[in-house]
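Visitor: First the structure, which I've put down as structure tokens, then a few questions once you've had a look.
The values are calculated or read from the model by the stated rules, or taken from the named source; none is laboratory data. Only a predicted model underlies this, so the values are computations on that prediction, with no experimental measurement involved. All Cβ positions, even for glycine, are placed from backbone atoms using ideal geometry, and neighbour counts span all protein chains on display. Accessible surface is based on the protein model in full, side chains and every heavy atom, while ligands, DNA and RNA are left aside. Shrake-Rupley method; radii C 1.70, N 1.55, O 1.52, S 1.80 Å.
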Number of protein chains: 4
Amino acid sequence: MVIIIKDKATEEQVGELMEWLHGFNVKTNLVTGIHSRIIGLIGDTTSIDIDAVQAREIVEAVRRVQEPYKNANRRFHPDDTVIEVGGKKIGGGTLSVIAGPCSVETEDRLMQTALAVKEAGADFLRGGAFKPRTSPYAFQGLGKEGIDLLIQARKETGLPIVTEIMDLSDLDLFADIDIVQVGARNMQNFTLLKALGRCDKPVLLKRGLSATLQELLMSAEYIMSEGNSKVILCERGIRTFEPETRNTLDISAVPLLRQKTHLPIVIDPSHATGVGSLVEPMAVCAVAAGADALEIEVHIDPKSAWSDGAQSLTPAQFTSAMKKIRAMERFCREELR
Amino acid sequence: MVIIIKDKATEEQVGELMEWLHGFNVKTNLVTGIHSRIIGLIGDTTSIDIDAVQAREIVEAVRRVQEPYKNANRRFHPDDTVIEVGGKKIGGGTLSVIAGPCSVETEDRLMQTALAVKEAGADFLRGGAFKPRTSPYAFQGLGKEGIDLLIQARKETGLPIVTEIMDLSDLDLFADIDIVQVGARNMQNFTLLKALGRCDKPVLLKRGLSATLQELLMSAEYIMSEGNSKVILCERGIRTFEPETRNTLDISAVPLLRQKTHLPIVIDPSHATGVGSLVEPMAVCAVAAGADALEIEVHIDPKSAWSDGAQSLTPAQFTSAMKKIRAMERFCREELR
Amino acid sequence: MVIIIKDKATEEQVGELMEWLHGFNVKTNLVTGIHSRIIGLIGDTTSIDIDAVQAREIVEAVRRVQEPYKNANRRFHPDDTVIEVGGKKIGGGTLSVIAGPCSVETEDRLMQTALAVKEAGADFLRGGAFKPRTSPYAFQGLGKEGIDLLIQARKETGLPIVTEIMDLSDLDLFADIDIVQVGARNMQNFTLLKALGRCDKPVLLKRGLSATLQELLMSAEYIMSEGNSKVILCERGIRTFEPETRNTLDISAVPLLRQKTHLPIVIDPSHATGVGSLVEPMAVCAVAAGADALEIEVHIDPKSAWSDGAQSLTPAQFTSAMKKIRAMERFCREELR
Amino acid sequence: MVIIIKDKATEEQVGELMEWLHGFNVKTNLVTGIHSRIIGLIGDTTSIDIDAVQAREIVEAVRRVQEPYKNANRRFHPDDTVIEVGGKKIGGGTLSVIAGPCSVETEDRLMQTALAVKEAGADFLRGGAFKPRTSPYAFQGLGKEGIDLLIQARKETGLPIVTEIMDLSDLDLFADIDIVQVGARNMQNFTLLKALGRCDKPVLLKRGLSATLQELLMSAEYIMSEGNSKVILCERGIRTFEPETRNTLDISAVPLLRQKTHLPIVIDPSHATGVGSLVEPMAVCAVAAGADALEIEVHIDPKSAWSDGAQSLTPAQFTSAMKKIRAMERFCREELR
């Protein structure tokens, strides 16, 4: 940690600040320039709240040298984390594809879609039973019934299932779910994150609409610091000023997160764009960028979907996209990396 | 609702779409231009999911004519909502000031701060017992003990109390709290919003970091649609590219929300700026813009605060700010409006 | 300047970096921590390009301690700059109001508007002769004829005139203009800024749509470093994700710029909101925030305006707004500051 | 164009508005709903200023059905534009690579870099002679001397040259340049765009830091409407809240622009990320997304570069990146499209 002191600070004030810092069991090193003084901290600074330092009247600016996350940090865990679930892997050099409808709607529609995505080569089935909708008047999901239908779909297809939790009071219902998803709007629902940290279950954590990558990693750290290290990070588009797409896919998040963390990285091109015709090109592009997995919305009949139809692929579109996705996966593995 | 049809759509497709729309009990009116066809919908369109319309292959664009919220809509409730609690009012022409520490830390510090803000003219005491912190290693709040201390502080000062709920599993602990605050990170925690909608307790709802004003109103609608109409909206800064301030205060939200809704509007200059020296000018400015209330962080000793010290005022600074705030309130009431 | 060195850097590499830095005539001070090394620079670092430092392979991060602007910096020029032009002042405790149509359209309309804004108490007349329009098919301004009409309007009303320059090839046409405006889209047209720096004429510099305040100050520095210190800074809304307003007024820019610079600060509530009904409340609010001047679009008949009609006030609306603006000015001067 | 009328408008007002619209030689069709009336316009609406419509007191909202650009619109020009220059092509199925230093610094450095990028397989040489720098105290480019050096480098390598124009007063100096670049900060320098529209020279137009894709296309339209149809669009990262990268690469711009326009699309991964280690992965990813060309900064010795060193590749890094880029190009052409 580096602390820049204001011009006007007296020697006494600087001395008092340094004494306070010594209370955190770190050493300090004062550098005196013409217009400025800087304190460099030596030792483990994770217990020092950067806000508390900033709050001191004589402090101009503070900067952390080390990242404030440990468990999620590649620096301390150089090897890629590979998450195994239901006979499938996420991370470690293979590409996994999670596909299925935005919402679980009816048994018939879910089974048809599940069979179709399996046929097309998906590895996991997704489907929302609890739906976070902007409007209270929109379809809110089937709840427990949706969970039961997903479990039934797993039985029929063999595909492990991924579905979103909206509140920790529903946690018991997720006992038989393979991967629990935390949506963008809950990325900083810290109570939920901690509860999931005490489960032995993979968590797919979506980046908030305007969350920085460091905040995403800090949310992963919340889960990991409670003991659960099976965290999968998901970039699903960030909110910008551009109106043509629902969100803006931050594709550079893939190589950047790869440098900073050992956790697997998923791209969700459906929410990232909100536009059906952009899903395939962005999915292929995400594979080229090095994503470990894709999450894609597929619906047996998008125009009659109860949510997110505009960004859902038909089974035929998904099958066609999967051919390109798998071809790109092979090319990257065999010729690029 | 206005639906713009793609050039290439066949008459049959347009006919099928119109038939589908009639199923929602609305009338349709087709306008044919040279390069485009437009369907105007006549009747109550709130039950039609705009996404579902957008998902139709032949639809170029859709636009709602009416706002998708009813309970929060000034159009249907022209009179300002005034919320009375603990002998104080929020809304209806007076200015309320909510002040206190970011976090409840110790009994001594809380009581000192509570007495100081009361002395300076605050109407409500705020203090966090459950703290949503970016880092799992930062102070997370005293929890139930913090709630008890707040209740004790109310007893000593007579100030009604405002504190944040982070998860609905804690709801019982808030039985004796005057105003329950929902933080920016939970603005779209819909399960929590619905649960609060079934309480008979005022809810102070903070705007999410990148939430549009319409999304804020839809979150208010979640609470109101369950029966609780005591919702207070709070603008606390939005996330932009500007690094000098923690967030950017969207001051035009005050007159804009005033036009769109009858609910009271609070400004939080502390979180909006994150910079102590900007809190007073932005508080005064918010009063001039017509805010119904202010929420300001005050700490007996900001430099030793356990959270958000950099943006907290000392009691002396708060007292000085309150003089200007009250002067501005008087001026606006007597000479401006 | 503080330079944070990567873990893996060898002593030789660090030595080489320090030697390179000494070439800029600064002293270096190396602080060694457990996981990091930091170099503090002592001396005048303005000649060191921060990008060049960042580019060194062994550099983790660099941070400037001092602002990279000198002429615009309050640290070196503590007294407020007051700009006098045509018998009027901008800065120094009075509030100036610049008003007029978005575009100069016809002689008749301009004269009517000019007389109306003068009557209502405006200090300066604005009007666009060269118009930066998003579409090449939109009205582009009257050019030289517009300048001539402005000069004529000044003759009739006595109000000094403000108008926008779009390209330095037009500079000669501005010889008789009182204040030359640089629009948001030209804030980083550095060739134009330098040319204006060699004129002896006040420049009203608008903040770019997504420019940081430091970038705005660096653009002011471009003008000032060429010798012209008569720069007026204008906040006119920044681009965010919020769709209800054309831009988002960053009102905290007023007290923040006040701390950082001695230059006068103008708020343009018309462009900041793009909504006529928000112009008055935001203008009043800007006065409360401490702005030195306002720039407001007024049109004799907004609904027939050739540009920006939606945000223009009628003379009657402007007259009514001016009463509140002047009342707020008096209140702030006499009772608040 | 669809115009939504406010509830309270009288029939007379609506009639007056429709009469005014008829003056633009379009037909109107009024649709009356319960809470709203809508006017659909039939005919060519490009001459109607959407702002002027919005400014009418009785207008709630207006929406264009057709894009406001014609020359750049794929709807009217279905075939891809291919730009041929100096024996090379941009667009039409091949991938072009533009590479070279951020700034032209010395003859020796430029020649070495030029030979190196040619050797590695680049198609065009880039280099800045006029440099738009945030600070007036930073290196501003060699100007005419830089242009001369570029021409000399073309002679030695045979690579056509791309360089940025900052002001139209320099236009004569660009007579012998192959592709004139307009930087992000000048994307809406409309005077410059119009002047370039009257040249018979390809223009590489960079997207502004916070420009929407439609605004980028409107700026292209400025050039094209003056007669020059050789416009190349460049996405170079947009400004967001994410601090890890200099900008955020909006990769979905590639397929989106492909749908909307026939103009070639370039991706600049150097400015989009600002981080050397992200340039190669983002370049490869841009090829997978379907870009027609890449623009990459290469410097013989990035750590001593006079500008943008942090994002420049060494010749060795560029050579290695080119192998992957060309492999990806082949794969996409032969197996994906």
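Visitor: So who's got an amide H within less than 5 Å of the one on C:Arg74, skipping anything under 5 residues away but keeping other chains? H placed 1.01 Å off N, in plane.
Guide: Sorted by chain and number, the residues that satisfy this are C:Thr261, C:His262.
Visitor: Can I ask one more? Hand me the trypsin sites (Lys or Arg not before Pro) from segment A:74-130 located in a DSSP loop with no more than 16 other Cβ atoms within 10 Å, in residue order please.
Guide: Those satisfying the criteria are A:Arg75.
Visitor: Still on this structure, I have one more. Between C:Ile238 and residues 5 or more places away or on another chain, which pairs have amide H atoms under 5 Å apart, with H built 1.01 Å from N, and which residues are they?
Guide: Sorted by chain and number, the residues that satisfy this are C:Thr248, C:Leu249, C:Asp250.
Visitor: For segment B:308-334 and segment A:69-144, what is the separation of their C-alpha centers, rounded to whole Å?
Guide: Using only Cα atoms, the two centres lie 50 Å from each other.
Visitor: Take the alpha carbon atoms of segment A:190-227, find their center, do the same for segment A:1-27, and report the distance between the two centers in whole angstrom.
Guide: Distance between centres, Cα-based: 34 Å.
Visitor: For segment A:223-337, what does the convex hull of the Cα positions come to per residue, in cubic angstrom?
Guide: Once divided by residue count, the hull of segment A:223-337 is 130 Å³.
Visitor: What number, rounded to the nearest 500 deg cm²/dmol, is the helix-based mean residue ellipticity at 222 nm of chain A, given -39500 (n - 2.57) per DSSP H run of at least four residues and division by all its residues? Mind dumping the intermediate values first?
Guide: On the way: 10 runs with 111 residues, N = 337.
Per the formula, -10000 deg cm²/dmol.
Visitor: I need the per residue convex hull volume for segment C:2-63, using only the alpha carbons, in cubic angstrom as a whole number.
Guide: 71
Visitor: Among bridges DSSP assigns within the protein assembly as shown, what percent are antiparallel (round to 5)?
Guide: Details: 78 of 186 bridges.
Rounded to the nearest five, the antiparallel share is 40 percent.
Visitor: Here is a follow-up. Where in segment A:1-61 are there trypsin sites (Lys or Arg not before Pro) that are in a DSSP coil and have at most 12 other Cβ atoms within 10 angstrom of their Cβ?
Guide: Listed in order of number, the matching sites are A:Lys8.
Visitor: How far is helix A:107-120 tilted off the main Cα axis of chain A, in degrees rounded to 10, range 0 to 90?
Guide: Orientation of helix A:107-120: about 80 degrees from the principal axis.
Visitor: Here's a follow-up. Taking the convex hull of the Cα atoms, report for chain D its projected area averaged over all directions, in nm².
Guide: Dividing the Cα hull surface by four gives the mean projection, 19.8 nm².
Visitor: What does the charge dipole of the protein assembly as shown about its Cα centre add up to, to the nearest 20 debye, if the Cβ of each Lys and Arg holds +1 and the Cβ of each Asp and Glu holds -1?
Guide: The dipole magnitude comes to about 0 debye.
Visitor: Compute the Cα gyration tensor for segment A:82-210, then decide on rounded, prolate or oblate, letting a ≥ b ≥ c be the square roots of its eigenvalues: rounded whenever a/c is under 1.5, prolate when a/b is larger than b/c in the other cases, and oblate in all that remain.
Guide: Oblate shape, in that a/c is at least 1.5 and b/c is the bigger or equal ratio.
Visitor: With θ set to phi - 60°, apply the Karplus curve 6.51 cos²θ - 1.76 cosθ + 1.60 along segment C:20-26 and write out the HN-Hα couplings as whole Hz, x wherever there is a Gly or Pro.
Guide: Values per residue, Gly and Pro as x: 4, 5, 4, x, 8, 6, 10 Hz.
Visitor: Moving on. Compute the long axis of helix A:276-289 from its Cα atoms, compare it with the longest principal axis of the Cα atoms of chain A, and write down the angle in degrees, 0 to 90, nearest 10.
Guide: 50
Visitor: How high is the FRET efficiency between B:Glu145 and A:Asp172 when r is their beta carbon distance and R₀ equals 30 Å, given to the nearest 0.05?
Guide: 0.60
Visitor: Roughly to the nearest percent, how much of the accessible area of segment C:83-335 is carbon and sulfur, given a 1.4 Å probe?
Guide: 47
Visitor: Okay, next question. List the aspartates and glutamates whose Cα sits under 17 Å from the Cα of B:Lys155, skipping any in the same chain fewer than 8 residues away.
Guide: B:Glu107, B:Asp108, B:Glu119, B:Asp123, B:Glu145, B:Asp176, B:Asp178
Visitor: Counting Lys and Arg as +1 and Asp and Glu as -1, each charge on the Cβ, what is the dipole of chain C about the Cα centre in debye, to the nearest 20?
Guide: Dipole about the Cα centre, nearest 20: 560 debye.
Visitor: Where Rh denotes the Kirkwood radius from the mean inverse Cα pair distance, what is Rg over Rh for segment A:1-139?
Guide: We get a ratio of 1.30 for segment A:1-139.
Visitor: Under 18 Å from the Cα of C:Lys323, which lysines turn up, not counting those fewer than eight places away in the same chain?
Guide: Hits, sequence-local ones excluded: C:Lys118.
Visitor: Continuing with the same structure: Just for chain C, what percent of DSSP beta bridges are antiparallel, to the closest 5?
Guide: If I count the DSSP bridges inside chain C, around 40 percent turn out antiparallel.
Visitor: Okay, moving on. Which pairs in the list B:Lys27/B:Lys194; A:Lys194/B:Lys206; B:Lys88/B:Lys201; D:Lys89/D:Lys303 are over 25 Å apart, alpha-carbon to alpha-carbon?
Guide: Numbers: B:Lys27/B:Lys194 33 Å; A:Lys194/B:Lys206 23 Å; B:Lys88/B:Lys201 14 Å; D:Lys89/D:Lys303 33 Å.
Those over the limit are B:Lys27/B:Lys194; D:Lys89/D:Lys303.
Visitor: Taking amide H positions as placed in the peptide plane 1.01 Å from N, state which residues far from D:Val59 in sequence (5 or more) or on other chains have amide H under 5 Å from it.
Guide: For D:Val59, the qualifying residues are D:Lys6.
Visitor: Could I ask something else about it? Across the Cα atoms of the protein assembly as shown, what radius of gyration and what greatest pairwise Cα-Cα distance (Dmax) are found, in Å?
Guide: 30.4, 86
Visitor: Can you run the Rg to Rh ratio on segment C:283-337? Use alpha carbon positions and the Kirkwood inverse-distance Rh.
Guide: Details: Rg = 13.2 Å, Rh = 12.2 Å.
Expressed as Rg/Rh, it is 1.08.
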